[in-house]
Each structure stands twice: as C-alpha cells, then as structure tokens.
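The values are calculated or read from the model by the stated rules, or taken from the named source; none is laboratory data. Fair warning: this is a prediction, and the values are worked out from it, not measured in the lab. Cβ placement follows ideal geometry from the backbone for every residue including glycine, while neighbour counts extend to all protein chains displayed. Remember, those area values only see protein heavy atoms, side chains included, never the ligands or the DNA or RNA. Shrake-Rupley method; radii C 1.70, N 1.55, O 1.52, S 1.80 Å.
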Amino acid sequence: MFYYLNIVLLCLSLSLASCFKKKQSKQDELPLQDTLRFNISTEPPTLDWSKATDTTSSLIVDNVMDGLLDYDSSKGSLKLKPALAEKWSSTPDSKTWTFTIRKDVKWNDGKEFKASHVLDGWERLLNPKTASEYAYFLYPIKNARAYSEGKIKDFSKVGVSVNEQGQLVVELEEGKSYFPYFVTHTSTYPIRKDIIEIHGDSWTDPKNIVTLGAYNLKVWEHDKSIILERNTNYYNQAAKIKNILIHIIPESGTALNLFEKGRLDAIRDLPSRELPVLRKRKEYRSHPILATYYYGINVEQKPFDDVRVRKAFNMAIDRKKITDLLKGDQIPLTGWIPGNLLGYDSSLGLNFNPEKARELMDEAGYKDRSTFPRVVISYNTHEDHKRVAEKVQAQLKKHLGIQVELSNEEWKTYLQSLKTGRQQIYRMGWVADYPDPDNFMTLMTSYSENNHTNWGSGRYDALVEEAGVLSNERERVKLYMEAQKILVEEEVPVIPIYSSQSHWLISDRVAVFPLNIMGKVSFKEVQLR
Amino acid sequence: MNIFSFKTLLSVFFFICLSLTLILSFLNYEIPSWLWLVDLGGLLAFFSYYTIKKRMLAYVCKRILGALFTLFIIATVTFVLLRTLPGGPFDQEKTLPPEIKANIEAKYHLDRPLMYQYGYYLSGLVQGDMGESYKYIGRNISSIMAETLPISIQLGIYALILSYLLGIPFGVLAASRQNTWADRTLMVGAISGVSLPSFLVAPLLILFFCFYLDWFETALWEGPSYYILPLLVLGTRPVSFIARLTRASVLEVIQSDYVRTAKAKGLHHWTVLYKHVLKNSFLPVLTFSGPLIAGILTGSFIVEHIFAIPGMAKHLVNSVTNRDYPLILGATLIYSVVLIFSNLVVDLLYSHFDPRIRLS
C-alpha cells in the first residue's frame with residue numbers, strides 16, 4: 001500500500017510545482033537581435049587588470065577598459081591609435097615619452113578620468129604588496145624595478161609623473177622605441193584606487209567594478225557566463241551591439257556543437273582534428289598570430305656543445321612535413337621572428353638539407369653513428385607536442401641515422417625540469433606580449449630567464465639592445481637580421497619549427513568581426529546583420 | 001497502522017516537500033527558502049530520530065569524532081604530498097623575474113618554513129577559512145566551493161535517483177528471468193554500460209538526441225532539456241553496476257529456504273521478489289553506495305567538461321595541474337567530507353536492512 005501512497009504523493013508534489021515561479025536567468029532577458037554570443041574556454045582567473053596575466057582575463061578586461069593607446073585592428077595592421085591618450089611623443093633617444101590625456105573621458109560612475117588614475121594603476125602594478133606577475137612590464141621605466149623590489153619606498157622617485165599641463169611623462173632607464181606598445185597592455189590600464197580601497201578583493205564584482213571602456217560588466221556568474229552591456233557614455237564611438245553573452249566552455253568540441261546548433265555566433269580554437277572538414281565551410285576564417293613553436297638545445301651538454309651537431313639536427317628537420325601533419329595551417333619557420341612582424345625574413349635560417357646535415361655529423365666525428373651519445377627530446381604532455389616530437393624523431397632517424405629518445409612530463413613538472421637545465425632538447429613556444437620583434441629577440445639574450453639553452457652571446461645581446469633603442473625601422477631591421485643570423489644560422493641554440501594560425505567559425509549573423517594577429521577580440525567593432 | 005497518526009502525516013509532508021524540491025530544481029524553478037529549511041530540518045529530524053530510536057547516538061558521535069580525526073590526517077597528508085610535487089603554482093611558460101616571484105610568494109606565505117605554512121593553514125581551517133586560491137586571484141576557496149558544489153550535487157542526485165530507479169528493477173528482472181533473452185539483453189547492456197567510457201557515451205548520445213532527434217540541448221546548464229543528457233551519461237555506469245549487483249545477490253537469496261516457503265504459501269511471484277527477496281539482497285548494493293554517492297555528488301570531470309557544466313569536479317582535476325595548493329586541499333577535504341558522511345549513512349542503513357547488524 002505504501003508503494004501506491006508514494007506514487008500518489010509524487011503526483012501531488014508534481015502538481016504543486018506548477019504553483020511556483022520559474023527561475024529567471026539574466027540570459028533569457030537578452031534579445032537575440034541585439035546580442036552577440038561568444039565563448040571563452042576557462043573562467044577568467046581574475047578581472048583585476050593589475051593582476052591578470054592570461055588571455056581570457058585580458059579579453060574581458062580589454063572590452064570593459066581602455067588603455068592609453070590601442071591597436072588599430074581595422075586595417076589588420078599593428079599600428080597604434082589614440083585611446084585615453086590623444087597624442088604621444090618622445091625625445092629622439094626614445095628615453096622620455098609624453099602622453100597627452102583626453103579631457104572628455106568619464107568613468108561609468110560619472111567621475112572624470114585623470115592622468116593620476118594611470119599613475120595609481122602603475123603604482124599598484126609595481127607595488128610589492130600587490131604581488132603582480134606582470135609588474136615587469138613597467139621595468140623599462142626608471143627606478144620601477146627598484147620600487148617593485150622594495151628597495152625604493154617612494155613612488156615619486158619612479159620615472160613617471162604628471163606635468164603641469166596634465167600630461168603623463170614617462171622617463172625610461174634606456175631608450176625604447178617600442179615603449180608605446182606597453183601602454184596598450186591591460187596591466188598598464190588606469191585604476192580607481194578609491195573603489196579598490198572600499199571593496200578590497202571583491203572590487204571586480206559586477207556591482208562594484210568601475211570601468212570606462214565600450215562595455216560594462218553586467219553579470220559574472222563564475223564558471224558559467226559573463227554578460228557585457230554597452231556603455232552608453234563611452235567617450236569614443238559607441239559599440240554596435242548592445243549585449244555580449246560569453247559562455248564559459250572548456251571543451252572546443254562542445255563549443256563547436258553549440259555553434260552548429262546556432263547557440264554561439266563565433267568560436268575559435270577549433271578542435272584540430274576537425275580542421276580539414278571545417279575549413280571547407282563558408283563560416284571558416286583563419287589568420288596568423290604572433291606565436292612560435294621551437295626546440296631549444298642545451299649547448300652545454302654533449303654532443304650539443306659542438307655547433308656542427310646543432311646545425312645538423314636543424315637541417316635534418318623538414319618543417320613542412322611537421323606542419324602538414326598538424327594540419328593547422330602553421331607556417332614553417334626557420335628564422336626567429338615570425339611573419340607579420342618587423343624583421344621577418346623567410347630566407348633566414350637553415351633550410352632542410354639532409355645531405356649537408358649528414359656531412360656535418362661526419363665532420364663532428366660521428367661518422368660511425370653508433371658512437372653518438374644518447375639524446376633525449378623532452379616536451380610537456382600534450383597530443384600535438386607528442387606528434388611533433390615523434391615526427392622529429394623519425395626524421396632524425398631517417399636523415400641522420402640517429403635514434404633519439406622522447407620524454408614527456410606534466411606541464412609544471414616540465415617547467416621545473418627546464419629550470420634545472422638538465423634537458424638536452426626541449427620544446428617551447430612563445431606568444432607575443434606586444435607586437436614588436438624586441439619581444440622575441442630579448443627572449444634569447446644571455447640574461448633572459450626564458451632562455452634555457454645556456455647559450456649566450458655578447459654580440460647578440462649588444463645587437464638586440466641597440467635595435468631596441470632605435471626608432472628608424474630600416475636600421476632596426478638591419479640589426480635584427482644580423483642578430484637572427486647569429487641565432488639561427490651561426491650558433492644555432494634553437495631550432496624554430498613553425499608559427500601558428502588562429503582558426504575561427506563566424507556565423508552568418510555576424511556582418512563584421514575584426515581579427516588581428518595579437519589575437520585581441522574587440523567587441524565594440526563587431527556588427528550583426 | 002493508523003494513516004492519520006501525527007508521525008505518518010509528518011513524514012508524508014516531508015516526503016512531499018523533498019520530492020517538490022527535486023522537481024522544482026529539475027524544472028529550473030525558484031525554490032523558496034522555506035522549502036530548503038523544511039528539507040534540511042526534516043532530514044536532520046529524521047536522522048536524529050532514527051539514531052536515538054535505534055540507540056545509535058553514541059555510535060554516531062563516535063563516528064563523527066573519528067571523521068574529524070580522519071579529515072585532519074587527510075589535510076596533513078595532502079599538504080605534505082603537494083609540497084613534494086615538482087613545479088610550483090607560479091611556474092609558467094614565461095619565467096617570472098626572481099624579485100616578482102619573491103613578492104608573490106611573500107603574499108601567500110610561501111617564503112616561510114613549511115611548518116609555519118602548515119600551522120597557518122590548519123589554524124585557518126579550524127576557523128572555517130580554507131584560504132585564497134592562487135589561480136583565481138582574490139577568490140576564497142569556500143566561495144568557489146559554495147558556487148560549484150551545489151551544481152555537482154544537483155546533477156549527482158538526479159543521476160543517483162536514476163541509478164536506483166532503473167538499476168534495481170533491471171537487476172531483479174534479470175534475476176527472475178535468469179538465462180532468458182531478457183536476462184541476457186539486460187546483462188549485455190549492463191556490461192556495456194560499465195565498460196563504455198563516458199567520453200564515448202556522451203558524444204554518441206549528443207549525436208543521436210541532439211543532432212538526429214533534436215530533443216535536447218548539446219551543452220550548458222540552464223534547464224530540464226539541458227539536464228537530461230548529462231544525467232544519462234553520469235548515470236550509465238551506476239545503473240549498470242547496480243543492475244549487475246542486484247541480479248547477483250537476488251539470485252543468491254532466491255534459493256534460500258524462506259523464499260521457497262513464501263512461494264509454497266502461494267504468494268505471488270512479484271510479491272515474493274519485491275517484499276522478501278529484495279530487502280535481503282540489497283546489502284551488496286548498499287555497500288557499493290557509499291563511494292558511489294560521494295563520487296557522483298562531487299561530480300564527474302568528464303561529464304562536466306563535455307557538457308560545460310559549472311560544477312566542482314573540474315577543480316578536483318585542474319587545481320592539481322595549476323598547483324593551486326589551497327584549492328586542491330579544499331576540494332580534497334570537501335570530497336572527503338562527502339565520502340565520510342555517505343559511508344556513515346550507508347552504515348546506519350545497514351542495520352535497517354539487516355537487523356542482525358548491531359551498531360554500537
């Protein structure tokens with residue numbers, strides 16, 4: 001009897017349910033014709049732009065905030081355009097920079113934007129208490145490093161100030177012609193100290209945050225979605241679309257399913273195995289990005305202390321075969337600077353040449369290949385890295401007659417091992433922080449923390465430093481060419497493999513969706529049909 | 001038995017409230033706070049009444065004290081193991097300048113001796129503060145758990161209900177029709193259900209139900225049509241497992257003397273099965289239930305990943321990849337609490353199903 005009673009009760013509660021109210025999600029209130037639906041692959045670790053270091057956080061911050069300058073993505077170029085600063089100039093030695101601040105800018109709580117807000121932002125970024133990972137972005141500024149180390153307590157000694165005309169004056173330790181790129185970066189955006197003081201860590205909650213960009217942060221449901229709403233008081237041309245609904249979807253296949261079902265308007269990072277099919281579709285777009293993939297060689301370890309062996313390895317790798325295998329439109333790279341950047345030259349570097357490679361091996365004393373020491377290529381655990389490493393392994397076997405071993409480690413373990421310098425050949429990548437060759441070139445200087453090859457060349461360091469100061473593009477290119485020749489032709493501590501492409505599907509609903517090589521997504525320029 | 005006794009009416013009311021909560025949450029309706037209170041109060045009242053009536057209060061208290069000690073051990077061991085992992089939370093592709101790393105480590109007390117960090121963590125824990133995430137800067141572990149755990153529990157409860165609702169009848173049916181086509185079909189299904197990984201089942205179901213039939217949504221977590229596929233995928237394995245366990249133990253019980261007696265008395269086949277056999281063959285399923293409940297309630301990484309469900313399981317996995325020490329500890333502790341608690345409930349239920357078992 002109890003059995004029937006239970007069923008009766010269940011029906012009763014079912015009918016009772018109808019007396020209750022349906023949960024209203026904020027997403028339901030967004031009218032489709034005025035909403036762009038986008039996805040990001042992880043929850044943004046933080047929206048506090050002094051602390052954010054990852055691309056997901058930057059994507060959101062970039063759309064709710066502006067920096068002093070911005071990329072002009074409309075032309076697909078990397079030219080800068082005014083944003084919070086209307087003009088900028090420097091002394092001929094690129095050592096002192098002056099930014100003239102716009103007067104008509106208001107924060108979305110109505111307060112006027114001032115140059116001091118930039119100063120506050122930079123102070124907070126450098127302050128040791130903030131413990132910001134990107135504090136080093138401002139290290140070119142005079143005394144900034146000392147302030148961040150806590151050696152100087154007085155921020156007024158740091159080379160940044162506001163002059164009588166209300167302009168922001170920046171004094172650098174050494175001249176840097178590409179310094180304006182730095183102020184496009186989210187970490188250098190102005191902040192509202194008063195707001196942060198009131199709310200503490202929760203100042204980035206939608207109800208507390210104060211911004212001045214084209215969009216306002218309306219909803220942030222952790223791990224689920226973010227909604228941005230057009231800022232009607234934006235100082236520049238207002239955004240075309242009123243609402244941006246951003247779902248947090250970790251799996252690219254899931255995002256693809258939702259796109260197929262018309263639930264997303266644009267997706268990127270398409271699943272690589274699907275690319276051969278997806279690229280035939282009319283919604284497909286792709287563009288190069290400033291990201292490179294390379295193998296570093298530890299030049300202190302035998303047999304790689306011999307430059308001939310390094311060259312032989314380099315020449316025995318057929319990059320085209322690797323990019324064909326990956327099927328992601330990657331561009332084979334033999335030089336160090338990737339395409340679309342000043343100083344790129346496809347003729348640079350050592351080309352695939354198995355005969356020459358074999359000769360070099362013979363010269364190096366390994367005519368009898370069986371005497372060649374044990375060599376290990378290490379990479380962090382990832383399917384694509386594995387495929388590349390296996391291809392390289394096969395090519396070395398085929399062209400040089402050498403059997404190398406492969407070793408993979410989980411990411412953080414891998415990073416730890418890199419620091420110990422035990423690796424012989426290691427996989428690494430680099431994604432540009434700012435679109436200037438300097439970002440790639442300084443990576444391999446002898447004092448760079450990211451150079452795990454133990455290789456260093458005074459000549460290379462000097463060339464890179466000199467080029468960083470120059471503002472004449474032609475002269476800079478000349479120096480970078482010379483430095484790259486040392487790196488990828490003469491000394492060869494690195495084997496560049498390819499530079500990457502970004503792949504998109506953009507639905508027919510979207511009329512304009514500007515893409516750029518920095519991978520920035522600017523929603524204010526997107527238009528729906 | 002008097003249907004209108006106070007006790008019966010109370011339990012009927014409680015039953016209605018509980019099922020109402022489940023139905024409302026499934027239909028994505030707002031659940032008023034009084035309903036939550038009634039549910040919680042009802043569960044607590046039921047739990048205390050049961051323990052006192054069965055004279056198990058001392059036993060439960062002992063178990064809870066033991067659980068606290070277990071949690072302390074778990075926290076300590078996890079803490080120590082984490083520090084032996086190579087690579088730290090702030091190691092990344094772009095190496096940080098040493099002074100910046102020092103600033104960050106100072107902020108999170110990582111520059112202090114290990115014993116200090118351990119003491120600091122424990123003293124926070126005692127006050128209910130699990131610390132701040134390293135990865136999700138400025139977010140408290142408790143708030144991360146408070147936001148993600150309910151979603152995992154919601155999905156988990158649906159999957160659990162499905163598992164018992166389908167698994168047990170399937171098992172009984174297979175056992176009572178042993179060696180017929182029904183038995184074989186069900187067991188082949190169960191074997192496939194146990195052995196097929198969810199990352200295969202999920203895409204197959206998505207392909208069939210979303211792209212061919214267009215019945216459900218492919219992903220996200222917004223309403224009934226979003227819930228069904230994940231709960232099917234999450235439920236597949238437990239349904240199959242429970243069906244197999246039930247079948248095996250029903251087959252064993254069915255041969256005992258008292259069942260023969262019941263049949264000889266002329267009782268209906270199904271009455272014998274459901275009234276006399278099932279209760280005694282439920283023990284193996286119950287044993288399996290403790291870890292099952294804990295595992296399912298804290299979510300499945302793969303199911304949450306594929307369906308973009310904002311649950312807790314991803315933190316159990318990703319926090320380790322990120323070396324986010326406080327989050328790893330927090331997630332581990334939450335999982336342990338759920339596991340210990342569900343094991344306690346299972347032990348209490350033992351004595352209900354088998355009066356020979358005395359807990360004291």
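Structural remarks
- In a DSSP loop and with at most 13 other Cβ atoms within 10 Å, the trypsin sites (Lys or Arg not before Pro) in the range A:343-384 are A:Lys367, A:Arg374.
- For chain A, the longest principal axis of the alpha carbon atoms and the long axis of helix A:411-420 meet at an angle near 40°.
- Dipole magnitude (debye, nearest 20) for the range A:45-103, charges at Cβ of Lys, Arg, Asp, Glu: 260
- Gain upon complete extension [A:Arg459, A:Asp324; 0.36 nm per residue less C-alpha separation]: 45.0 nm
- Helix B:57-84 vs. chain B, principal-axis angle (Cα, 0 to 90°, nearest 10): 40
- Rounded tilt (10° steps) of B:114-126 against the dominant C-alpha axis of chain B: 50
- Around B:Ser198: net Lys/Arg minus Asp/Glu count, Cβ-Cβ under 11 Å: 0
- Computed from the C-beta positions of A:Thr232 and B:Leu114 and an R0 of 51 Å, the FRET efficiency is 0.45 to the nearest 0.05.
- Peptide A:223-231 has a mean of 3 when you count, residue by residue, the C-beta atoms of other protein chains within 10 Å of its C-beta.
- DSSP-assigned coil residues among chymotrypsin sites (Phe, Trp or Tyr not before Pro) in the range A:390-485, each with at most 12 further Cβ atoms within 10 Å: A:Tyr447
- About the centre of its Cα atoms, the protein assembly as shown shows a dipole size close to 3040 debye [charges on the beta carbon of Lys, Arg (+1) and Asp, Glu (-1) only; nearest 20 debye].
- Surface per residue (accessible, 1.4 Å probe) for the range B:1-53, Å²: 65
- Computed lengthening from B:Lys94 to B:Leu267, 0.36 nm per intervening residue step minus Cα-Cα distance: 54.8 nm
- Extension gain from A:Arg273 to A:Asp345, taking 0.36 nm per residue of separation minus the Cα-Cα distance: 22.9 nm
- 23 Å Cα-Cα reach of A:Lys367 towards lysines, excluding residues that sit fewer than 8 places from it in its own chain: A:Lys302, A:Lys311, A:Lys356, A:Lys397, A:Lys398
- The range B:141-353: relative contact order as a whole-number percent, Cα under 8 Å and 6+ apart: 31
- Residues along the range B:104-147 losing 50 Å² or more of accessible surface when the other protein chains are present rather than the chain by itself (probe 1.4 Å): B:Lys107, B:Tyr136, B:Ile137, B:Arg139
- Using a 1.4 Å probe over protein heavy atoms, the accessible area lost on pairing B with A, summed over both chains, comes to approximately 5600 Å².
- Close amide H pairs (under 5 Å, H built 1.01 Å from N) link A:Leu30 with no residue at least 5 positions away or on another chain.
- Percentage, to the nearest whole number, of Cα pairs in chain A over 30 Å apart: 56
- Whole-percent carbon and sulfur share, accessible surface of the protein assembly as shown, 1.4 Å: 59
- Average Cα contact separation per residue, the range A:52-170, under 8 Å, 6 or more apart, as relative contact order %: 19
- Here's the picture: charge each Lys and Arg Cβ at +1 and each Asp and Glu Cβ at -1 in the range A:343-452, and of A:His452, A:Ile402, A:Ala389 the one pushed furthest to the positive end of that dipole is A:Ile402.
- A cut-off under 13 angstrom between Cβ atoms defines the neighbours of B:Lys275, and their net charge, with Lys, Arg +1 and Asp, Glu -1, is +3.
- Hydrodynamic radius of the range A:336-410 per Kirkwood, over alpha carbon pairs, in Å: 14.6
- The charge dipole of chain B, taken about the Cα centre with unit charges on the Cβ atoms of Lys, Arg (+1) and Asp, Glu (-1), comes to about 1620 debye, rounded to the nearest 20.
- Excluding same-chain neighbours fewer than eight residues apart, the lysines reachable from B:Lys263 by a Cα-Cα span under 18 Å are B:Lys275, B:Lys279.
- If R0 is taken as 56 Å, the Cβ-Cβ distance between B:Gln178 and A:Glu482 corresponds to a FRET efficiency of 0.10.
- What the Cβ-Cβ distance of B:Asp129 and A:Ile198 gives, at R0 = 22 Å and to the nearest 0.05, is a FRET efficiency of 0.50.
- Sparse-neighbour loop sites [trypsin sites (Lys or Arg not before Pro); the range A:388-481; at most 16 other C-beta within 10 Å; DSSP]: A:Arg422
- Surface analysis of chain A yields an accessible area of 42 Å² per residue, using protein heavy atoms and a 1.4 Å probe.
- Over 32 Å (Cα to Cα) - which of A:Lys21/A:Lys524; A:Lys142/A:Lys193; A:Lys386/B:Lys314 fall in this group: A:Lys21/A:Lys524
- Extending 7 Å from the Cα toward the beta-carbon at both A:Asp34 and A:Ser446 defines two label points whose distance is 6.3 nm.
- Annotation: amide H of A:Ile101 within the under-5 Å range of A:Glu86, A:Leu168, sequence separation 5 or more or interchain, hydrogens built in the peptide plane.
- Each other residue within a Cβ distance under 11 Å of A:Ile506 adds +1 if Lys or Arg and -1 if Asp or Glu, for a net charge of +2.
- Percent of Cα pairs exceeding the 42 Å cut-off, where the set is the protein assembly as shown: 45
- Whole-angstrom gap from the range A:269-294 to the range A:378-414, using each part's C-alpha centre: 23
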